[in-house]
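Just below is one structure, and these are the notes that go with it.
The values are calculated or read from the model by the stated rules, or taken from the named source; none is laboratory data. Quick caveat: nothing in here was measured; it's all calculated off a predicted structure. Note that each Cβ is placed from the backbone with ideal geometry, even for glycine, and that neighbours are counted across all protein chains shown.
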Amino acid sequence: MMVELANRVLSLTPSSTLAITAKAKALKQQGVDVIGLGAGEPDFNTPEHILEAAAKSMNEGYTKYTPSGGLPALKQAIINKFVADQGLSYQTNEIMVATGAKHALYTLFQVIVNNGDEVIIPIPYWVSYPEQVKLAGGIPVYVEGAEQNHFKITPEQLAKAITKRTKAVIINSPSNPTGVLYTEDELKQLGEVCLKANILIISDEIYEKLVYDGSKHTSIAQLSPELKEQTIIINGVSKSHSMTGWRIGYAAGNKKIIEAMTNLASHSTSNPTTTAQYAAIAAYNGPQAPVEEMRQAFEDRLTIIYDKLIAIPGFTCVKPQGAFYLYPNVKAAATMTGYDTVDEFATALLDEAKVAVIPGSGFGTPDNIRLSYATSLDQLEKAVSRIRDFVEERSQD
């Protein structure tokens, strides 16, 4: 039988992060001693009080459908979180709970983007941004954040990229893959450009709780009432509370957009998983000490592993202020070891050094690789040692 796929999926690029992680897991199952630094998820289990709340909800019979946009109690917990963390005030009709932050983003693009609309995406970008824009019929417009500017775009770059067809810009702070953080002043300047051009701001804040060295996360929505009105915040409990598999994310912003997202979700997922929603309520309403404990563990790992990484010949790296990724430029190391591209270098690291990293080409910067330090310090040190040995041995050949 001849099956003709829809055009909308034919242009999609497979997720490089999931592909590398899957290959590393397959090798491990074969008994190969692979160290995987590809996964974008905390290595801690979900905190105990959240597990208990989920079990309690099931035992008490809360296993049925919920409203498509999320349980009222979860929406209220999210509202309370915004007040406490950013001083932002939202109503329940300005909150939509989704099956993960990725689903919130997908649904958002589906309801705001028409064929030919442009969405500005800073480079480096999270791998799913361009694909989701394309699935909605939109056109990704890339603006490169220079490495010497810590991968952050400038107001001048943003203004130059805006056209009559521009619908929105994505700001991801702290960033995946770079871990860099926009300052309050930088956000103000970008916000002024967006207000002047009347374009929507999509603020992906999924890593907001994971900031280091005394850095402070600022949401662009908290800088003025005008910016709040023009911003859709995307967030969730995946990274902050080590709940990646529970799939609970959310969007907050303009009630007309939120209503449209909720209507679309009602025809695609019915509702986010009920048990996971009760777990998320406990995540936000319960003790936050586990969040800080995980954050501190990541910071400790970063402090130790960063210096070891940049000591590898041919490696340079902007030190991250958040998330749990290192994003070194390794073009020189690839050249030294005889590879024409960093993609080939990354493949060799997996095949020969048995270390799985994500090539930067998947994030729009082919000279970099992404390493996750969401794994034990022992494994991190072993991985960096393997990479260093690989580079030094191959450079002498």
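Before moving on, here are some points about what is shown:
- Residues within the range 336-356 that are small (Gly, Ala, Ser) and more than 24 Å from the chain's Cα centre (by Cα), tallied: 3
- Taken as a whole, the structure leaves Ile387 outside the set of residues that are crowded, with 24+ Cβ neighbours inside 10 Å, in contact with a strand residue (DSSP E or B) (Cβ under 8 Å, 6 or more places away or on another chain) and closer than 18 Å to Leu18 by Cα.
- The range 130-180, residues that are of a type in the set (Ser, Thr, Tyr), crowded, with 20+ Cβ neighbours inside 10 Å and out of contact with any Leu (no Cβ under 6 Å at 6 or more places or on another chain): Thr166, Ser175, Thr178
- Of the residues Ala252, Ala260, the single one that is of a type outside the set (Lys, Arg), over 13 Å from Gly100 (Cα atoms) and within 19 Å of the chain's Cα centre (by Cα) is Ala252.
- When residues of the range 200-232 are limited to those that are aliphatic (A, V, I, L, M) and free of Cβ contacts under 8 Å to residues at least 40 places away in the same chain, the one surrounded by the most Cβ atoms within 10 Å (Cβ to Cβ): Ile201
- Residue ID - nearest to Tyr325 (Cα to Cα), chosen from residues in the range 155-187 that are in a helix (DSSP H, G or I) and touching a helix residue (DSSP H, G or I) at 6+ places or on another chain (Cβ under 8 Å): Leu187
- Within the range 264-297, tally of residues that are closer than 11 Å to Gly70 by Cα, of a type in the set (Ser, Thr, Tyr) and crowded, with 16+ Cβ neighbours inside 10 Å: 3
- Helices (runs of 4 or more DSSP H) lying entirely in the range 1-112 (those with 2 or more residues that are modelled with pLDDT of 95 or more): 48-59, 72-86, 101-112
- Checklist (1) touching a residue at least 40 places away in the same chain (Cβ under 8 Å); (2) aliphatic (A, V, I, L, M); (3) surrounded by fewer than 23 Cβ atoms within 10 Å (Cβ to Cβ) applied to Val97, failing item: (3)
- When every residue of the range 353-373 is checked against the conditions, none turns out to be among the polar types (S, T, N, Q), at pLDDT 95 or above, more than 19 Å from Pro177 (Cα to Cα) and buried (at least 18 other Cβ atoms within 10 Å of the Cβ).
- Of all residues in the range 251-292, those satisfying the criterion of being free of Cβ contacts under 8 Å to residues at least 60 places away in the same chain and closer than 20 Å to Val83 by Cα are Gln288, Ala289, Glu292.
- Test result for Thr365, in contact (Cβ under 8 Å) with a residue 24 or more places away in the chain, β-branched (Val, Ile, Thr) and closer than 15 Å to Pro124 by Cα: yes
- Number of residues in the range 49-70 that are within 22 Å of Gly249 (Cα to Cα) and either without any contact (Cβ under 8 Å) to a residue 12 or more places away in the chain or touching a Leu at 6+ places or on another chain (Cβ under 8 Å) (or both): the value is 1.
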